[in-house]
């Protein structure tokens, strides 16, 4: 009886934590080196992010980051020189 009770409690705890993990919201970061006035950033991303939220019932929340500085990758060698 004790073993069955402990197994039942463990199963319920596992299922509750699994359901909470599946219902978690996700933030999708969209980054661009172009300024917010660029055509892709001004027209395409706002429409696409709206459609993503609608399609996922607002579980995916896109976050736009514009005007990022270019940072070279460590150890990367340019072909130009």
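Every number here is computed from the coordinates shown, using simple stated rules; none is lab data. This is a predicted model, so every value here is computed, not measured. Cβ: placed from backbone, ideal geometry, glycine included. Neighbour counts: every protein chain shown.
Structure notes:
- Between residue 48 and residue 60, the simple spin-label model (points 7 angstrom out along Cα→Cβ) gives 1.1 nm.
- In a fully extended conformation the segment linking residue 40 and residue 28 would gain 2.6 nm over its present Cα-Cα distance, using 0.36 nm per residue.
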